[in-house]
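Quick notes on the structure that follows.
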Amino acid sequence: MTSKHYPRLALLAACAALIGCTGQSDEPVAGSAVAHSGDRDTGSADAGSSNAAKSNVVVLGDPSLTSGIPGEGDLSAEEIKAWVDEPANHEVLDFSLPVGLAAATAQISGVDENALTRAKIELGRQLYFDPRLSADHTISCASCHHPHEGYGKHTRFGVGIRGQEGGRNSPISYNRIVSSAQFWDGRAATLEEQAVGPIENPIEMGNTHEAAVETVKGIEGYALQFEKVFPEEGCTIDTIGKAIATFERAIVTGPAPYDFYDRMKVYRNMDSEILEDERANDPEFAAEYDALVKAAEEHPMSESAIRGYELFFSERVACTACHAGANFADEKYHNLGVGMEVDEPDLGRYEVTENEKDRGAFKTPTIRNVEFSAPYMHDGSQQTLEEVVEWYSKGGHPNPNLDEKIKKLDLKDQEKKDLVEFMKACTGDFPPVETGRLPAG
């Protein structure tokens, strides 16, 4: 039996996806567009130009989806009208997820009810960054979930209107396309529901849904878009939520060094003679394999990260008991003992379900791009990934509802460092995003 009988299909799929995802420009984004909170901006705002040919077949993360309507300054009514008059911008996207996250395709949520289009993503982008949704026009979705801060907020708690603090750390708003229930406690059943919740929260945006809708309706550029994007519904709080949720679903993490390393694993374990025989006798296989090797070499994992990889997936450390699947999140709720030492702890999921087993349980966050979204845990009590690993090493804080998966690990110092390096190796590029260019008015 030769290698083509078992890894060949995996190689074909991996190579096609890897080559497709590594072909993005390395040019910095024009204007105020940003890729992520690091220094590796990718893509170009020109990618969204209405003069460029557009396909409805895309890999999420494509710069043309999130780089905004081309131009500078406030969006004029003329620019917006030209944009919404383009039929291609209203075609339902035939999308796929980028390498790594693509393994979570079965978890995709919400798009059957709320299809992705370029025009809807762009409308959602504008609303996401627009502080006019708040009562005093000072707070936007991005105030607590900004791309410069890993789509979270680098404060312990979220900070809303008039400087008010909430009681929980701002959760990240990327990779939401593979997540259903939202918030740390899962109280929002959909991303659409989550998107509009903060608008009427008195310590977040401090507005009413009715007032927010009237504000949006009164801005000509928004009125033009809602008429074309939601012709049967127009501008309502529900369509505002649909637009914002659509934009958030377009924000996904690109391939990480972990993904390239993991996809080479089957070939590292192959008999070398079989592998070389295939390469020598099958030029197509050789070209595909060499492309995969090149991609892995261009996105290397350090020796420390590789050791962390082995620990992370080991039975002894068992991080995947909760950080499972392609997004490293099981979409479940767990009591880690965080904050349970105080007299009146935050009860998390219990406040939604009133089920005793949910006391102090909070939703598992992804570790993809986690290095950008400090501080950590639902209460922002841990400032660094090193502190997070130390928490798990000691087995959390004992309490009657401590999750059975939490065990004392007694990790060695080097093992702790290796786990942190592995988490950092799960970092891929965010798509470039235009943070300005809002409708004038």
Next item on the list: Taking the Cα centre of the stretch 244-329 as origin, sum charge times position over the Cβ atoms of Lys and Arg (+1) and Asp and Glu (-1), and report the length of that vector in debye to the nearest 20.
Entry: 620 debye
Next item on the list: Specify which labelled value, from (1) 23.5; (2) 25.4; (3) 22.5, agrees with mean projected area of the Cα convex hull in nm² derived from the coordinates of the model shown.
Entry: (3)
Margin query: Quick check on the chain: helices-only [θ] at 222 nm, where DSSP H runs of length 4 and up contribute -39,500 (n - 2.57) each and the sum goes over total residues. Nearest 500, please.
Written below: -10000 deg cm²/dmol
Notebook entry, point to check: Listing Ile219, Ile274 from the residue with the fewest other Cβ atoms within 10 Å to the one with the most, what is the order?
Noted result: Ile274, Ile219
Check: Considering the stretch 383-441, what Rg and Dmax in Å follow from its alpha-carbon atoms?
Finding: 18.8, 58
Checklist line | Inter-label distance for Asp330 and His137, nm, one decimal - labels placed 7 Å from Cα along Cα-to-Cβ | finding: 4.8 nm
Notebook entry, point to check: Once the dipole of the chain is set up with Lys and Arg at +1 and Asp and Glu at -1 on Cβ about the Cα centre, which of Thr320, Gly68, Tyr258 lies farthest towards its positive end?
Noted result: Thr320
Next item on the list: Go through 342-353, 91-102 and give me the packing order, highest mean Cβ count within 10 Å leading.
Entry: 91-102, 342-353
Item checked: Positive minus negative residues near Ile139 (Lys, Arg vs Asp, Glu; Cβ under 11 Å) -> -1
Item checked: Gain on full stretching of the segment that runs from Asp277 to Asn399 - 0.36 nm per residue minus C-alpha separation -> 38.1 nm
Checklist line | Cβ-based exposure ranking for Met340, Met270, Met423, in which fewest neighbours within 10 Å come first | finding: Met270, Met340, Met423
Note to self: I want to verify a result. In a Gaussian network model of the chain, Cα cutoff 10 Å, which of these has the top mean-square fluctuation: Ser272, Ser64, Ser109?
What the structure shows: Ser272
Margin query: Just to confirm a number: summing +1 for Lys and Arg and -1 for Asp and Glu over residues other than Glu227 whose beta-carbon lies under 12 angstrom from that of Glu227, what do you get?
Written below: -1
Check: Most fluctuating residue of Asn335, Asn269, Asn369 in a GNM of the chain with Cα springs under 10 Å: which is it?
Finding: Asn269
Check: Could you give the dipole magnitude of the stretch 299-424 about its Cα centre, charging the beta-carbon of Lys and Arg +1 and that of Asp and Glu -1, in debye to the nearest 20?
Finding: 400 debye
Checklist line | Virtual spin-label span in nm between Ala287 and Glu193, 7 Å along Cα→Cβ | finding: 5.1 nm
Check: For Tyr350, what charge total do you get from the other residues with a beta carbon under 10 Å from its beta carbon, if Lys and Arg give +1 and Asp and Glu give -1?
Finding: -3
Checklist line | Rg/Rg_globular for the stretch 152-204, with Rg_globular taken as 2.2 N^0.38 Å and Rg from C-alpha atoms | finding: 1.13
Next item on the list: Order by neighbour count: Arg187, Arg162, Arg437, fewest other Cβ atoms within 10 Å first, most last.
Entry: Arg162, Arg187, Arg437
Check: What order do you get for 231-237, 319-325 when each peptide is scored by the mean count of other beta carbon atoms within 10 Å, highest first?
Finding: 319-325, 231-237
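Just so you know, all these numbers are worked out from the coordinates, no wet-lab data involved. Here the structure is a predicted model, which means the values were calculated and not measured. Every residue, glycine as well, gets a Cβ built from its backbone with ideal geometry; the counts of neighbours run over all protein chains shown.
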